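*Asks:* One structure, pasted below without further comment.
The values are calculated or read from the model by the stated rules, or taken from the named source; none is laboratory data. All figures in this text were calculated on a predicted structure; none of them were measured in a lab. Heads up, the Cβs are rebuilt from the backbone with ideal geometry, glycines too, and the neighbour counts pull from every protein chain shown. These accessible areas exclude ligands, DNA and RNA; they are computed on the full protein's heavy atoms, side chains included. Shrake-Rupley method; radii C 1.70, N 1.55, O 1.52, S 1.80 Å.
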Amino acid sequence: MESYRDKNRKILRKLREIEIHEYKSGLSVEEVERLYGVKAVKLASNENPYGPTPKVYDVLRNFSFFNVYPKEIPELKQALADYLGVEESRIVLGAGSDGVMESLFKMFVDRGDEVIIPIPTFSYYHTLASVYSAKVINVGRREDFGIDVDAILNAVNDRTKLIFICSPNNPTGNSERFEDVKAVVESVNCAVFIDEAYAEFAEKNLLKLLDYENVIISRTFSKAFGLANLRIGYAVMDEELVKYYKAVSPPFPVSTIAQLCALQCLRDLEYMRDCVEKIKSERERLFRELKERGINVFPSQANFLFMKSPIKASEFVLELIKRGVIVRDCSNFLGCDEFSVRVSVGKPEENDKFLQALDDLLANL
């Protein structure tokens, strides 16, 4: 009879055969300060440096129902419907955009099905595809990082279940042209997932594509609204899809406290928009400063900048960390080269520290 230990070894051996692309978030401020003994600023995770509206702290101080399972708050969905200009019945919630995406994989993808991912883009798409045993079809982008419509459509076949489009795209920062995404949506018989996590920082969005039944648009409270730690995202989809989403979603995906804080954010849009304008202003300043230093940096519609470092990204990022600034090495993003770096836009003083560290690094090359 096979022993428990032998069975366990077989299970572990089978798991090792599965190629899972782990999502790696990088070093925290605390880790850098412990490892290198420097006071650090983090410009690596595209967070809102100003935090959420102060109104959320009233929620945190007064909340006491920690022993009760959460339920959806109707006022939140109504506020989202008003904010987006869509029907409340088409909105679903998730534990961040990541939670929304995982439920979509449960809905659409079986083992061996195909998903199309224009690269480079957000690496968690690949993580989920490997977890759900999907075959990933990576499609290259144009030189300006926009999606290549012909390449996407040529990759579509009967096994294609999901196409991922991130706009503005992470890590490159560009927004997709409406006509390009529309051409894809109208030409395929599968779901098109549009990730608009950074939409509030952009000049345009793709919400008009919600007229198509195969379009799902996801957004989050993590970025512009400053609620990254509370893990609350949402998506808008065809009403027919909503019931399937709810069937596969975890029973209590978003806490009550997260929903109440999100509701306060939507009731104080002026605060969010003020934060966004300050971040956009600093984004343009950083862009100019990097250009003046001879850095190959690309225009952005998000709250970060994509650039090519003068030395290998791994060395560049480490040297900045030693100087107390954490930025993102993107060389491990599929479709990026070994010089690819992303820097989040922080407060003016944080951006100044980045530029000072960069100047010191460049002077010592």
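*Asks:* Note down all Cβ pairs under 6 Å where the first residue falls in the range 167-194 and is touching a residue at least 24 places away in the same chain (Cβ under 8 Å), the second is open to solvent by less than 10 Å² (accessible area, probe 1.4 Å) and part of a helix (DSSP H, G or I), and they're at least six residues apart or on different chains.
*Replies:* Taking only residues 6 or more apart or on different chains, the pairs are VAL184/ILE152; VAL185/LEU209; VAL192/VAL185.
*Asks:* Test LEU104 against the criterion of being out of contact with any strand residue (DSSP E or B) (no Cβ under 8 Å at 6 or more places or on another chain), assigned to a helix (DSSP H, G or I) and open to solvent by less than 10 Å² (accessible area, probe 1.4 Å), and give yes or no.
*Replies:* Against the criterion (out of contact with any strand residue (DSSP E or B) (no Cβ under 8 Å at 6 or more places or on another chain), assigned to a helix (DSSP H, G or I) and open to solvent by less than 10 Å² (accessible area, probe 1.4 Å)), LEU104 does not qualify.
*Asks:* How many residues are more than 25 Å from the chain's Cα centre (by Cα) and touching a residue at least 12 places away in the same chain (Cβ under 8 Å) when one looks only at the range 56-65?
*Replies:* 5
*Asks:* Give just the number: which of (1) closer than 29 Å to TYR125 by Cα; (2) open to solvent by 70 Å² or more (accessible area, probe 1.4 Å) does SER340 not satisfy?
*Replies:* SER340 satisfies every listed condition except (2).
*Asks:* Among the residues of the range 122-138, write down those that are outside any strand (DSSP E or B) and open to solvent by 10 Å² or more (accessible area, probe 1.4 Å).
*Replies:* Selection gives PHE122, SER123, TYR124, HIS126, THR127, SER130, VAL131, TYR132, SER133, ALA134.
*Asks:* Keeping to the range 280-326, report how many residues are open to solvent by 40 Å² or more (accessible area, probe 1.4 Å) and either of a type in the set (Gly, Ala, Ser) or more than 18 Å from PHE145 (Cα to Cα) (or both).
*Replies:* Qualifying residue count, the range 280-326: 18.
*Asks:* Within the range 30-38, does at least one residue satisfy the condition of being open to solvent by less than 50 Å² (accessible area, probe 1.4 Å) and farther than 23 Å from PHE122 by Cβ?
*Replies:* Yes, that holds for at least one residue.
*Asks:* Something else about it: Looking only at the range 139-159, which residues are loosely packed, with under 15 Cβ neighbours inside 10 Å and over 15 Å from ARG177 (Cα atoms)?
*Replies:* Passing the criteria: GLY140, ASN154, ASN157, ASP158, ARG159.
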